[in-house]
Amino acid sequence: MISPHATRATRIDLFSLKTVHMRTFHLSWFAFFLCFFGWFAHAPLLPATIGPDLGLSEQQKISAFIGSVAITIGARLLIGVLCDRIGPRRSYVMLLVFGAIVVAGSSLAYDWPTYFLSRLCIGVIGASFVITQYHTSVMFAPNCVGIANATTAGWGNLGGGVTQAVMPMVAAAMLTLGLAESELTKWRPAMFAPAILMLVVAALYWKYTTDCPEGNYEDLPDRRPRRKQGESGWFMSAASDYRVWVLFAMYGGCFGMELFVDDRAAAYFQGRFGMAETTAGFVAALFGLMNLFARTLGGWLGDKFAATSGLTGRVRWLVFVMVAEGLTLLLFSRMETVALTIVTMLLFSLCVQMACGATYSVVPFINRQSLGAVSGIVGAGGNVGAVIYAQFLLRSGMPLETVFFYFGWIVVTVGFLGMAIRFSTEAEQRAKLEFQAAATQS
């Protein structure tokens, strides 16, 4: 019988597309990038273009974000189980095609109800994160799965930053090319740009990836995740583990905060410092662009701590960087000049994204037979966090800088919850042997 890790990649050959592992690596992060880009494509255009075009109030703008993020909670739970059942390849292709339809379709919105419905549909593609993490988890061995998960997720999250800078330019180009009737309607044709790219990547994903290193689940039934005797199902197996819910809360503290800042950053700089739409978009993009290396760094350090301290080392690193995230958010909230605000925003961004990477360096070791369900539940925690933050902003009426200050203390508190995560001696020993075996092969 083939060892569970015999065909998993033990290193990342970043500039190679020869193996299915690396093709999956690159296609999964780029698919997530496009989904994230489409998911937040409305954010930089909302204050000065979409809002006035549709006559949206400030409350409606925040509610659109809440709906778009809230719908992803259920979508992430579903997509994780779907990966276990039909495989990540089919799941991603289906999601990309759906995403192309709803992102392009959002251009047809003509009032608040139709716009809110379009944002709900677009929110489903936020579930792409779960497939990305699932797919790299089955493709890479324990000695590098942390950095693989963190890098694909981090580079995918870049879409949230890139869209802040790119979508205003795409919309402006549509007006220049005569594809839009006015300054306020230029956002409508702009939505077709990410939609077309999603369809292209869906075709590439179908052709060049497989569900696992050996092939596709339909051809290899023995490689499909199986329920253990007496278990009620993959989801219930994951949901009955308290560690999953601790990670759920912690991911709400890091990725949830990232989602919230992605949506509000451009508006924050426009409102507080009077920046123009394009300038605020570029500044806000810096927050997301830290994903280029920060999330990777979090996962890489998770692997490094695992080499010396095992699974407990991964958890300790997660706790440390979560607390650091909360403290840097507190610092960011107190700044009163543009320069210091940007600098502290970058420090906060470094920590929040390292925390996200550190979280998913722990996830693959919680319950291997229910990997999709665990990934889905933890991933949904990020969206729950974002919804809570946005609801607080909506209902409190406080300025964003005050809200950020309170959220900083919440993140610090949630970070310490990680100290409750424990692994059995057997799990630690097995992970140690697998790590050593994979490190030897690399």
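Values quoted throughout were computed directly from the atomic coordinates according to the rules given, and no laboratory measurement underlies them. Worth saying up front: this structure is predicted, and the values here are computed from it rather than measured. Positions of Cβ are generated from backbone atoms using ideal geometry, with glycine treated the same way; all protein chains shown enter the neighbour counts.
Sorting 290-303, 28-41 by their mean Cβ neighbour count within 10 Å, with the most densely packed peptide first, gives 28-41, 290-303.
Take 11-22, 378-389 and order them by the average number of nearby Cβ atoms within 10 Å per residue, most first; the result is 378-389, 11-22.
Of the residues Pro44, Thr24, Ile66, the one whose Cα sits farthest toward the positive end of the charge dipole of the range 1-155, with +1 on the Cβ of Lys and Arg and -1 on the Cβ of Asp and Glu, is Thr24.
Oblate is the label for the range 119-174, because the ratio a/c of its alpha-carbon gyration tensor axes (a ≥ b ≥ c) is 1.5 or higher and a/b is not greater than b/c. The base-10 log of I(q)/I(0) for the range 26-172, evaluated at q = 0.09, 0.12 Å⁻¹, reads -0.29, -0.50 [Debye formula, identical scatterers on Cα atoms, solvent excluded].
Applying 1/(1 + (r/R0)^6) with R0 = 25 Å to the Cβ-Cβ distance of Trp206 and Arg368, what FRET efficiency is obtained, to the nearest 0.05?
On the way: r = 26 Å, r/R0 = 1.06.
E(calc), rounded to 0.05, equals 0.40.
Inter-label distance, Ser57 to Phe15: 5.7 nm, where each label sits 7 Å from its Cα along the C-beta direction.
Taking Cα centre as origin and charging only the Cβ of basic (Lys, Arg, +1) and acidic (Asp, Glu, -1) residues, the dipole magnitude of the range 1-150 rounds to 600 debye. Dipole magnitude for the range 309-442: about 240 debye, using +1 per Lys or Arg Cβ and -1 per Asp or Glu Cβ, origin at the Cα centre.
If Lys and Arg each add +1 and Asp and Glu each add -1, what is the summed charge of the other residues whose beta carbon sits under 14 Å from the beta carbon of Ser309?
+3
Structural descriptor for the range 51-172: relative contact order 31 percent, calculated from alpha carbon pairs under 8 angstrom and at least 6 residues apart.
Compute the signed sum of charges (Lys and Arg +1, Asp and Glu -1) over the other residues within less than 11 Å, Cβ to Cβ, of Pro142. Local charge sum for Pro142: +3. Once mean projected area of the Cα convex hull in nm² is calculated for the structure shown, the corresponding label among (1) 46.5; (2) 20.0; (3) 22.9 turns out to be (2). Taking a straight Cα-Cα cut-off under 21 Å and skipping sequence neighbours fewer than 8 places away in the same chain, the lysines within cross-link reach of Lys304 are Lys432.
Computed packing ranks the peptides 98-104, 195-201 as 98-104, 195-201, most packed first, by mean other Cβ atoms within 10 Å. Taking the longest Cα principal axis of the chain as reference, the axis of helix 20-39 is set at about 30 degrees.
With everything on Cα atoms, drop me the angle between helix 294-333 and the longest principal axis of the chain, reported from 0 to 90° to the nearest 10. Value to nearest ten degrees: 20. To the nearest 10 degrees, how steeply does helix 145-176 sit against the main Cα axis of the chain, on a 0 to 90 scale? Tilt of helix 145-176: around 20 degrees. When the Cα positions of Phe305, Pro221, Ala195 are compared along the charge dipole of the range 192-346, Phe305 comes out farthest toward the positive end, with charges on each C-beta of Lys, Arg, Asp and Glu.
So what's the net charge close to Ala267: Lys and Arg +1, Asp and Glu -1, counting the other residues with Cβ under 13 Å from its Cβ? Don't jump to the answer; show the numbers that get you there.
Values: positive: Lys61, Arg264, Arg272; negative: Glu58, Asp262, Asp263, Glu277, Glu401.
Summing Lys and Arg as +1 and Asp and Glu as -1 gives -2.
Look at the Cα gyration tensor of the range 305-403: its axes a ≥ b ≥ c give a/c of at least 1.5 with a/b at or below b/c, and that counts as oblate.
With all pairs of different C-alpha atoms in the average, the Kirkwood value for the hydrodynamic radius of the range 137-253 is 18.8 Å.
Which residues in the range 30-71 have a backbone N closer than 19 Å to a point placed 7 Å from the Cα of Leu120 along the Cα-to-Cβ line? So the set is 39-40, 42, 56-57, 59-71.
Starting with the fewest neighbours, write out Asp222, Asp211 ranked by other beta-carbon atoms found within 10 Å of each beta-carbon.
In order of increasing Cβ crowding within 10 Å: Asp222, Asp211.
Pop the C-beta distance of Asp222 and Leu286 into the FRET formula with R0 = 45 Å and round what comes out to the nearest 0.05.
0.45
Farthest towards the positive end of the charge dipole of the range 54-143, among the residues Leu120, Val102, Ala141, is the Cα of Ala141, using unit charges on the Cβ of Lys, Arg, Asp and Glu.
Taking the Cα centre of the chain as origin, work out the dipole magnitude from +1 charges on Lys and Arg Cβ and -1 charges on Asp and Glu Cβ, in debye rounded to 20. Present the calculation step by step, with values, prior to reporting the outcome.
Values: 31 positive and 25 negative charges, 191 e Å.
Magnitude of the dipole: close to 920 debye.
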